[in-house]
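Trainee: This is the structure I have questions about; it appears just below.
The values are calculated or read from the model by the stated rules, or taken from the named source; none is laboratory data. Model, not experiment: these values are computed from the prediction. Reconstructed Cβ throughout: ideal geometry from the backbone, glycine too, with neighbour counts over all protein chains shown.
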Amino acid sequence: MKLRFLILTAACFLVASAAHAQDVTYNYMPGTDFSKYHTYKWVTVEGAAYPNQIMDAQIKQSVDSQLASKGFTKADSDHADMYVAYQIAVNQEKQWNAYGMGGGLRWGGWPRRQAPL
């Protein structure tokens with residue numbers, strides 16, 4: 001029973017640390033009165049990185065639901081009040097571990113020789 005609890009606790013910490021690594025930023029003109037805007041259109045940023053089609057659809061669906069809850073309407077024409085776009089950046093840290101390098105070298109020079117028996 002204690003082992004299960006320990007494994008579950010460790011799994012929760014791992015999930016929490018992975019979720020903490022996400023960083024979301026946004027950009028808009030300070031002082032913009034968004035009450036004047038009612039429609040939006042999705043556009044792509046030239047040269048930006050995008051995920052696969054499934055993840056792209058999930059991101060857009062999530063943003064669409066948030067904008068709809070705030071009273072915005074999605075428009076397919078070019079006459080939308082505002083354009084919405086996103087881009088992603090993925091950084092993967094690589095870690096190099098040097099275990100068991102062998103060779104018998106010690107700090108300060110060649111390996112010490114043992115006296116014959």
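Trainee: Mind checking which residues of the stretch 49-81 are assigned to a loop (DSSP other than H, G, I, E, B), among the hydrophobic types (A, V, I, L, M, F, W, C) and free of Cβ contacts under 8 Å to residues at least 40 places away in the same chain?
Mentor: In the first step, residues of the stretch 49-81 are kept if they are assigned to a loop (DSSP other than H, G, I, E, B); the result is 50-52, 70-72, 75-81.
Pick out the ones that are also among the hydrophobic types (A, V, I, L, M, F, W, C) and you get 72, 75, 80.
Hits for the stretch 49-81 are Phe72, Ala75.
Trainee: Based on what the data block shows, is Gln92 within 30 Å of the chain's Cα centre (by Cα), part of a loop (DSSP other than H, G, I, E, B) and at pLDDT below 95? If you could, list the steps in order and put the result at the bottom.
Mentor: On the way: within 30 Å of the chain's Cα centre (by Cα): yes; part of a loop (DSSP other than H, G, I, E, B): yes; at pLDDT below 95: yes.
In short, yes.
Trainee: Can you tell me how many residues within the stretch 35-48 are of a type in the set (Phe, Trp, Tyr) and either under 19 Å from the mean Cα position of the chain (by Cα) or assigned to a strand (DSSP E or B) (or both)? Step through it out loud before you land on a result.
Mentor: At the first step, the residues of the stretch 35-48 found to be of a type in the set (Phe, Trp, Tyr) are 37, 40, 42.
Subset that is either under 19 Å from the mean Cα position of the chain (by Cα) or assigned to a strand (DSSP E or B) (or both): 40, 42.
Summing the residues that are of a type in the set (Phe, Trp, Tyr) and either under 19 Å from the mean Cα position of the chain (by Cα) or assigned to a strand (DSSP E or B) (or both) in the stretch 35-48 gives 2.
Trainee: May I pose another question? Return only the number of the condition from (1) modelled with pLDDT of 75 or more; (2) surrounded by fewer than 10 Cβ atoms within 10 Å (Cβ to Cβ); (3) not in a loop (DSSP other than H, G, I, E, B) that Arg4 does not satisfy.
Mentor: Here Arg4 meets the rest and fails (1).
Trainee: Hey, can you tell me all the residues within the stretch 23-48 that are within 17 Å of Ala89 (Cα to Cα) and among the acidic types (Asp, Glu)?
Mentor: Within the stretch 23-48, Asp23, Glu46 meet the criteria.
Trainee: Examine the stretch 49-65 for a residue that is over 29 Å from Asn91 (Cβ atoms) and either modelled with pLDDT under 90 or surrounded by 10 or more Cβ atoms within 10 Å (Cβ to Cβ) (or both), and state whether such a residue exists.
Mentor: Just the residues of the stretch 49-65 that are over 29 Å from Asn91 (Cβ atoms), to begin with: none.
No, there is no match, as no residue in the stretch 49-65 is over 29 Å from Asn91 (Cβ atoms) and either modelled with pLDDT under 90 or surrounded by 10 or more Cβ atoms within 10 Å (Cβ to Cβ) (or both).
Trainee: What are the pairs with Cβ atoms under 6 angstrom where one residue, in the stretch 29-40, is closer than 14 Å to Lys70 by Cβ and the other, located anywhere, is among the aromatic types (Phe, Trp, Tyr)? Sequence gap at least six, or different chains.
Mentor: Tyr40/Phe72
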